[in-house]
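See structure below.
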Amino acid sequence: MIDFVGKRKIFFIISIALVAVTLLGSLFLGLNLDIQYKGGTMLTYSYTGDINKDDFLSKVQEVVGGSAAIQESSDLATGSTNLVVSLASTSGLSADKQVELTDALSQTFAANNIHTESISNVNASIGREFFLKSLVAVLFAAIVMVVYIGFRFKRISGWSAGVMAVIALVHDIIAVVAVFVFFRLSVDANFMAVVLTILGYSINDTIVIYDRIRENRRIYGQKLPVGELVNKSINQSMKRAIVTTVTTVMALVVIAVVTLIFNVTPIVTFVFPLIIGLLSGTYSSVCLVPCMWVMWQEYRAKKAQQTDAKKK
Amino acid sequence: MKKVGKPVFFVVFVLILLLTLTAFLGVSTTFGDIPTTWIKGAQDIRWGIDVRGGVDATFSPPDGYDATDEEMAAAEQIIKVRMVSQNITDYEIYTDYDKDRIIVRFPWKEDETDFNPEDAIAELGATARLTFREGYETDASGLPSGVTADTIILEGKDVEEAAPAMTNTNEIVVSLKLTSEGAEKFAEATTRLSSQSPKGIISIWMDDVMISYPRVNDAILNGEASISGGFDAAGAKELADKINAGALPFALQTTNFSTISPTLGVGARDAMVLAGFIAFIAICVLMIILYRLPGIVACIALMGQAAGTIAAITGYLPSISSFTLTLPGIAGIILSIGVGVDANVITYERIREELRLGRGIDAAIDAGYKRAFTAIFDGNITVVFVAVILMGAFGPPASIFAMMLKPVFGIFGSSTTGAIYSFGYTLLVGIILNFLMGVTASRLMLKSLSKFKPLRKAWLYGGEKK
């Protein structure tokens, strides 16, 4: 039997370090927020032959009437090189202006066979609204979970269990954020999907452990010390946690590898953070949550003793 | 659970196999030249524009203009008519009356080569040109020709209001109210046309699309006409909205649109299907190695869960419309399969524990499912909460969950991301199927199999080898 509760300091240090590094990282490197959230315009053009990027950029700025930046990106699927133009303005380009721009570009660079590959044009206020709405959705889900766990796990003081589970969720979401920060991935709808998936996965993991603690509490009653009770429960359900995680991660790795072979990048940038999030979810459910819960229970017991002592 | 007989396994297995085959391959027949789809297969999945490319645009009236609900309904009709006239039928449109926004999403058509999305978006939002023309002569491509092209009786600005109405004889009609200038022109034309034999026709056009062509029965002198023609309430409202669109005092604007070229297209889809297939095989191999007989049962149950999810996305029957599957939607499927695997793992680990405690096979299976159920139930229900909240927050404004959660998300406008709605949907469906397949069907199959004599060895269920 592994003594998880005895090693809790190590777990806390690892997790605090992860959170600290991520916070520092996002402070210094910044989150690569997609225009889906912050608003703005990004236009991807494909072309043939050679093209003078500076001329291209100045033509764009002339038509749009604002500053813009240009970047080359190679399209792995087709093997061609694209020009990605981002406009500084975040208010979104109007459709008429957009048509004017493309017409002007294809006239000026007639020899290069300019073609619009994709347009991503988001009005800043709509982007902000979407971001806020996502946050509210996650917060609301967290509240609902605390309430549900509070009721279903009354036997093991459900409210504290619910709060600990949500702390673990925050921890896992931070792990996902870390991937996006340090690998410079763009925070877009994929990010939302990953966060939501981890939310569901991690809570499920945590509940399986709680369920075992609840059951053991019923079997062994209040006599068994909290630390031992939790250790026993973790060890009993650990194999399940490992098997499920290994199976899911393996399936994801297969998907990542196959799609990588076929050059489907959107799937890879989606699966990779998902794998990290899943690992973090398992870690937090097995190591972090039960230990935090034990600490809270011991703290409460100590406090109850003190007040008892005062009464006497 | 009471007695489960030996044949139960075969019944459940055949049902799941049938579901899997039909849900993935579909059933269609070709009689003569007319293909009929009886059951929709995986090839009928409607992929979101983030997968197959397409256009996503949010239209709104010009800044500072507070449009009425009638005006927004009229604007929605303009876009619908134009979609159809551009031959785009596979579109989604949502109108948010609180925030005055119309969200339109449409994917590329198969084998689309020279479609210009930028022009399409600009055209969708342009002011609608409504005309009442004499006769209904059209050329081969449906454009007005002859006298219909030459004689414009009324224009959008001549119409004050159109609305559905009910006559004394309980017939639903569209009533028209014209401006004084319009009334004069209309009086002249209707006098002339109603005296013709047979009586003349006035056709009503939006841009280059004919939306109605009523016959002129009487001269209308006071500028108040009604169009009859066996309308139902919805039909009358639709025509009234379209006519009102011509009188709309603004052009729709969009500063929020995106287009994705279909480069990802078919290759990516095939890659994803292949990836999913290989991943599934890998899961099966692992399950069977780890859990032996229950592992095989788990694979059948998971197959049923995957097939059920596909069926829920395509709609299965041709009369049920399909659901759009986006990248986050695929994530929802992965998560629900993961949770499905977990349900099986929890149960089989429990059965193994019970066996090692010295219980017999039947008792161990019963105890295993019973003990595992609370964990599976609580875990899955919390995931259902997440799914429902997401569907409420990011679904179409009129859906049940959106109505339910209006107190929470009411301050926000309808979202432009159907992508996350798709996640919530596949997740919800997956979890429900997990209860059906991973819990119920798997228990039926395993209990039935355990009745066969050659299969009554504890080792097959993870017990010690004797």
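Summary of values
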| quantity | calculated |
| --- | --- |
| Net dipole in debye of chain A [+1 Lys, Arg Cβ; -1 Asp, Glu Cβ; about Cα centre; nearest 20] | 3020 |
| Where the Cα pairs of the stretch A:90-230 fall when distances are cut into 10 Å bins, in % | 9, 26, 21, 17, 11, 7, 5, 2, 0 |
| Kirkwood hydrodynamic radius over Cα pairs of chain B, then Stokes diffusion coefficient at 20 °C and 1.002 mPa s, in µm²/s | 81 |
| Projected area, mean over directions - chain A, Cα convex hull, nm² | 20.5 |
| Of A:A141, A:F270, A:A104, farthest towards positive along the dipole that unit charges on Lys, Arg, Asp, Glu beta carbons give chain A | A:A141 |
| The stretch A:117-155-the stretch B:1-40 distance, computed between alpha-carbon centres (Å) | 38 |
| Rg to Rh, two decimals, where the protein assembly as shown supplies the alpha carbon set and Rh follows Kirkwood | 1.05 |
| Relative contact order, percent, chain B [alpha-carbon distance under 8 Å, six or more residues apart] | 20 |
| Residue among B:I172, B:T148, B:L239 farthest towards the positive dipole end of the stretch B:130-246, charges placed on Cβ | B:I172 |
| Size of charge dipole - the protein assembly as shown - debye, nearest 20, with Cβ of Lys, Arg +1 and Asp, Glu -1, no other charges | 7540 |
| Acute angle (nearest 10 degrees) that the helix A:289-311 long axis makes with the longest principal axis of chain A, alpha-carbon atoms | 40 |
| Overall form of the stretch B:130-246 per C-alpha gyration tensor (a/c, 1.5; a/b vs b/c) | rounded |
| Overall form of the stretch B:321-389 per C-alpha gyration tensor (a/c, 1.5; a/b vs b/c) | prolate |
| All-pairs Cα distance distribution in the stretch A:40-122, expressed in whole percent, bin size 5 Å | 3, 15, 29, 29, 16, 7, 1 |
| Listed residue pairs exceeding 27 Å between alpha carbons, taken from A:K239/B:K447; B:K40/B:K370; A:K7/A:K302; A:K9/A:K302 | B:K40/B:K370 |
| Over the stretch A:163-312, volume per residue of the alpha carbon convex hull, in Å³ | 109 |
| Gaussian network model of chain A, springs between alpha carbon atoms under 10 Å - residue of A:K53, A:K223, A:K38 with greatest fluctuation | A:K223 |
| Modelled FRET efficiency - R0 51 Å, B:A163 with A:I14, Cβ distances, 0.05 increments | 0.15 |
| Helical contribution to [θ] at 222 nm, DSSP H n ≥ 4, -39,500 (n - 2.57), averaged over chain A, rounded to 500 | -24000 deg cm²/dmol |
| Of A:P225, A:S202, A:S58, farthest towards positive along the dipole that unit charges on Lys, Arg, Asp, Glu beta carbons give chain A | A:P225 |
| Nearby lysines by direct alpha-carbon distance to B:K199 (threshold 21 angstrom, same-chain neighbours under 8 apart not counted) | B:K185 |
| Length-normalised contact order for the stretch A:40-122 - Cα pairs under 8 Å, 6+ apart - percent | 49 |
| Between the stretch A:229-282 and the stretch B:322-389, the alpha-carbon center distance in angstrom | 16 |
| Set of aspartates and glutamates with alpha-carbon distance to A:K97 below 20 Å, sequence-local pairs under 8 removed | A:D55, A:E62, A:E117, B:D56, B:D63, B:E118, B:D119, B:E123 |
| Ellipticity estimate at 222 nm from DSSP helix runs (n ≥ 4, -39,500 (n - 2.57)) divided over chain B, nearest 500 | -16000 deg cm²/dmol |
| Highest-fluctuation residue, A:T90, A:T108, A:T269 considered, GNM on chain A with Cα pairs under 10 Å | A:T108 |
| Relative contact order (%) - criterion: Cα under 8 Å, at least six apart; region: chain A | 23 |
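Every number in this text was worked out from the coordinates using simple rules, so none of it is lab data. Model, not experiment: these values are computed from the prediction. Ideal geometry is used to build each Cβ from the backbone, glycine not excepted, and the neighbour counts take in all protein chains shown.
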